[in-house]
Amino acid sequence: MTDPQSVSRVPPAKEQVLQVERRDYVDLAPTNRPRSQSLRGFDPIYTDIVDYIVRCTHRIWDERDVGLIYSHYTHNPVVYGPLGAVYSREEIIQDTIARLAEMPDRRGMATQVIWRGNDVDGFYTSHLVTGTGRHTEWGAFGKPTGRRFVTRTVADCMVLENRIFREWVVRDNMGLYIQLGLDCDMFATGAAKSMFDRGLTVSTLAENQRGLGQTPPPDAADVSIAHSDLEADVLRWLHEIYNRRMFGKIREIYAPNCQWHGPRLQELYGTAAVTTQTIRQVAMMPDMLFLPQHICSVPCEEGGDKVAVRWIADGHHLGYGNLGTPTGQRMFVLGFTHYHIIDGKIVDEWVVYDEMAMLTQIKLGQMALVDRI
């Protein structure tokens, strides 16, 4: 008979959680792979947390089984977006159906999933999706244009026992509107008018905790949300660049041949281009406070590590840039960044934030200002 104490001393088998980048979908969501990670309470079809995120997204959006949302979200999820939040599973279902109706051949391809957690405390996942398709039906974008598009989305999910109970989602809507040939200014004005008519406004608070009084930004970053030395280093880098405005740090932490993938499908190469883009981003909101909200990381099969950061930027439209002449309006930006870091250097960066939401906030603020006069 086996000694029970000797059994308890046997270390558990190492979990083999799949990664997305080098695998075809049929390998990511196989039909014959045994469960490789403890997933208490999850449907039997899922083998690990990456499989769960990739497969359930595919089943809902590509296989059109929208009703799976009933078993994959709680009845009262909170889904945060750049212009507000949704608090109902039914609203998620309605929005999904509307998007599928307007772009019926859209396909969302998993680009990468960075995660943390377990089946007891819950999982946190950051899912970067590349969407492709055509605009062929009437809907929120108006008359069908027939144009093709490619766009990026990031969805960060908190999951427990097969159900998502909290989510943050941002799509590169400005890039989508431009590819469809739509009038971004007109659509932003329309969206702002709809919000204004419902009594919604943008906060006019001027203080964002940057440089209280006459004090400079703190020398040290707050790394309390980090789970590893690498994550702490990334938080320090972001604080140095965005809050202390030490843009020269980019030459130190990015590989000379780095790639940067940003909104509007921008593709930049090298530290000089990344530096210019970063300065341009900050120049549009020169009083911006950059605040990371969550960070997680996984070792990468291609070498190094992948790191996901969810962040907010709070400031005012005081500088020139993609959104036109400065208006002074307050802007609150929700964004995501995924990094691939090898030997202490960033070799790849994916950034997603919604410039259409920023433009809508400007329009909404202007409407509120006119209303007060």
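Each Cα pair under 8 Å and six or more residues apart adds its separation to the average, and for region 13-171 the resulting relative contact order is 22 percent. Region 318-371 and region 235-272 have their alpha-carbon centroids 16 Å apart. Other residues lying with their Cβ under 12 Å from the Cβ of Ala357 contribute a combined charge of -1, Lys and Arg counting +1, Asp and Glu -1.
Using DSSP to call loops (not H, G, I, E or B), can you name the trypsin sites (Lys or Arg not before Pro) in region 37-100 whose Cβ has at most 15 other Cβ atoms within 10 angstrom?
Numbers: sites: Arg40, Arg55, Arg59, Arg64, Arg89, Arg99; in loops: Arg40, Arg64.
The qualifying sites are Arg40, Arg64.
Dividing the summed -39500 (n - 2.57) terms of all DSSP H runs of n ≥ 4 by the residue count of the chain sets its mean residue ellipticity at 222 nm at -8000 deg cm²/dmol. Taking other C-beta atoms within 10 Å as the exposure proxy, Cys258, Cys56 rank Cys258, Cys56 from fewest upward. Restricting the calculation to Cα atoms, the chain yields a radius of gyration followed by a Dmax of 21.8, 86 Å. When you restrict to C-alpha pairs under 8 Å that are six or more residues apart and normalise by the size of region 113-239, the relative contact order lands at 15 percent. Model label sites at Asp62 and Glu90, defined 7 Å from Cα along the beta-carbon direction, differ in position by 3.1 nm. For Trp138 and Arg33, a Förster radius of 45 Å and the Cβ-Cβ distance give a FRET efficiency of 0.65, rounded to the nearest 0.05. Comparing Gly324, Gly131, Gly108 in a Gaussian network model of the chain, where Cα atoms under 10 Å apart are tied by springs, the biggest mean-square fluctuation is seen for Gly324.
At a 10 Å Cβ-Cβ cut-off, how would you order Arg152, Arg107, Arg236, fewest neighbours first? Present the calculation step by step, with values, prior to reporting the outcome.
Values: Arg152 23, Arg107 13, Arg236 17.
The fewest-first ordering by Cβ neighbours comes to Arg107, Arg236, Arg152.
Rounded to the nearest 20 debye, what is the charge dipole size of the chain about its Cα centre when +1 sits on each Lys and Arg Cβ and -1 on each Asp and Glu Cβ?
Numbers: 39 positive and 46 negative charges, 132 e Å.
Roughly 640 debye for the chain.
Legend: translational diffusion of region 13-171 by Stokes-Einstein, Rh = Kirkwood radius over C-alpha pairs, 20 °C, 1.002 mPa s; D = 131 µm²/s. The length gained on full extension between Ala232 and Ser71, counted as 0.36 nm times the residue separation minus their Cα-Cα distance, comes to 54.4 nm.
Electrostatic bookkeeping for Met103 treats Lys and Arg as +1 and Asp and Glu as -1; over the other residues with beta carbon under 14 Å from its beta carbon, the sum is +4. From least to most packed, judged by other beta carbons within 10 angstrom and beginning with the fewest, Met103, Met367 follow the order Met367, Met103.
Based on Cα contacts under 8 Å between residues 6+ apart, region 118-176 shows a relative contact order of 35 percent.
Of the GluC sites (Glu not before Pro) found in region 100-167, the ones in coil according to DSSP and having at most 16 other Cβ atoms within 10 Å of their Cβ are Glu137, Glu161.
Values quoted throughout were computed directly from the atomic coordinates according to the rules given, and no laboratory measurement underlies them. Nothing here was measured: the structure is a model prediction, and the numbers come from that model. Methodologically, a virtual Cβ is constructed for each residue, glycine included, from the backbone with ideal geometry; neighbour enumeration extends over all protein chains shown.
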